[in-house]
1. Taking helices (runs of 4 or more DSSP H) that fall entirely within segment 111-214, which contain at least 3 residues that are in contact with a helix residue (DSSP H, G or I) (Cβ under 7 Å, 6 or more places away or on another chain) and open to solvent by less than 100 Å² (accessible area, probe 1.4 Å)?
2. When you go through (1) within 21 Å of residue 75 (Cβ to Cβ); (2) among the small types (Gly, Ala, Ser); (3) at pLDDT 95 or above one by one for residue 214, which number turns out not to apply?
3. Give the residues of segment 93-110 that are part of a loop (DSSP other than H, G, I, E, B), surrounded by fewer than 17 Cβ atoms within 10 Å (Cβ to Cβ) and modelled with pLDDT of 95 or more, sorted by residue number.
4. Within segment 76-92, can you find the residues that are assigned to a loop (DSSP other than H, G, I, E, B) and either without any contact (Cβ under 8 Å) to a residue 24 or more places away in the chain or open to solvent by less than 20 Å² (accessible area, probe 1.4 Å) (or both)?
5. What is the number of the single condition among (1) aliphatic (A, V, I, L, M); (2) touching a strand residue (DSSP E or B) at 6+ places or on another chain (Cβ under 6 Å); (3) touching a residue at least 60 places away in the same chain (Cβ under 8 Å) that residue 61 does not meet?
6. Inspect segment 48-60 for any residue being modelled with pLDDT of 95 or more, closer than 13 Å to residue 12 by Cα and hydroxyl-bearing (Ser, Thr, Tyr) and give the result as yes or no.
7. Could you give every pair whose Cβ atoms fall below 7 Å, whose first residue belongs to segment 8-23 and is open to solvent by 10 Å² or more (accessible area, probe 1.4 Å), and whose second residue is modelled with pLDDT under 95 and among the aromatic types (Phe, Trp, Tyr), counting only separations of at least 6 or pairs across chains?
Amino acid sequence: MNEKLTPLVEKVALVTGASRGIGRAIARRLASAGATVVVTARSLEAPTEFTGTLAETVELIEQAGGKAIALAADLTVPDQRDSLIPRALKIAGRLDILVNNAGLSLYAPVADMPDDVFEKTIDHYLRVPFKLSQAAIAPMKAQGAGWIINVGSLTAQRPFQPYDDFARLGGATVYAAIKSAVARFTQGLAAELQADNIAVNLVAPSTAISTPGA
């Protein structure tokens with residue numbers, strides 16, 4: 001096996017929101033680099049309201065010669081969220097890479113945003129990455145290394161005047177504010193974990209990957 005082409009052999013990655021879109025693309029890329037990828041989302045074999053399942057992601061990875069394990073979890077349910085890292089460790093034996101990708105698209109102007117949408121946005125995009133990162137730190141420290149990747153957004157950058165239609169009418173203000181918080185969280189966590197040989201980075205996609213529900 002060519003180690004230059006498969007630098008992640010014997011590494012285990014956990015990718016949230018991996019049943020479709022960006023998460024599936026990340027999982028397939030990590031698998032192509034040799035990692036065993038634990039993919040997680042709500043939809044194991046039957047899709048939710050959107051197309052795409054973990055079973056399909058696993059099949060695509062295996063067809064390409066990679067290794068993948070599906071673990072269904074609804075990260076909005078605290079027990080399922082908090083048990084995800086221990087389950088991944090139990091089934092895969094280790095955890096080298098955590099990719100916090102899962103999310104949802106619920107946009108609304110601030111004046112009209114219901115409280116539940118505000119709370120769901122905070123939960124999906126800040127609380128979940130915080131809890132999963134927190135749970136991953138101890139096993140990564142024990143292994144002597146690790147990688148935590150948070151998926152950000154270019155919307156975290158401030159809108160420039162004259163404001164375009166998306167800034168004025170897109171309803172992304174709260175989403176963008178939380179993504180900005182995730183960027184600062186990533187920077188701070190990177191500083192905290194540098195001495196433990198755990199890298200923490202943020203990736204903000206600059207071009208769209210077609211994702212049902214977005």
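1. Working: elements: 115-122, 128-143, 165-169, 173-193.
In segment 111-214, the matching helices (runs of 4 or more DSSP H) lie at 115-122, 128-143, 173-193.
2. It is condition (3) that residue 214 fails.
3. Answer for segment 93-110, where residues must be part of a loop (DSSP other than H, G, I, E, B), surrounded by fewer than 17 Cβ atoms within 10 Å (Cβ to Cβ) and modelled with pLDDT of 95 or more: 93, 94, 109.
4. Residues of segment 76-92 that are assigned to a loop (DSSP other than H, G, I, E, B), as a first pass: 76-77.
Within segment 76-92, just 77 meets the criteria.
5. Of everything listed in (1) aliphatic (A, V, I, L, M); (2) touching a strand residue (DSSP E or B) at 6+ places or on another chain (Cβ under 6 Å); (3) touching a residue at least 60 places away in the same chain (Cβ under 8 Å), residue 61 misses just condition (3).
6. no
7. From segment 8-23, the pairs are 20/50.
The values are calculated or read from the model by the stated rules, or taken from the named source; none is laboratory data. The shown structure was predicted, so the numbers you read here are calculated from the model rather than taken from an experiment. In this analysis, Cβ positions are derived from the backbone assuming ideal geometry, glycine residues included, and neighbour counts consider all displayed protein chains. What goes into the accessible areas is simple: the full protein's heavy atoms, side chains included, and nothing from ligands, DNA or RNA. Shrake-Rupley method; radii C 1.70, N 1.55, O 1.52, S 1.80 Å.
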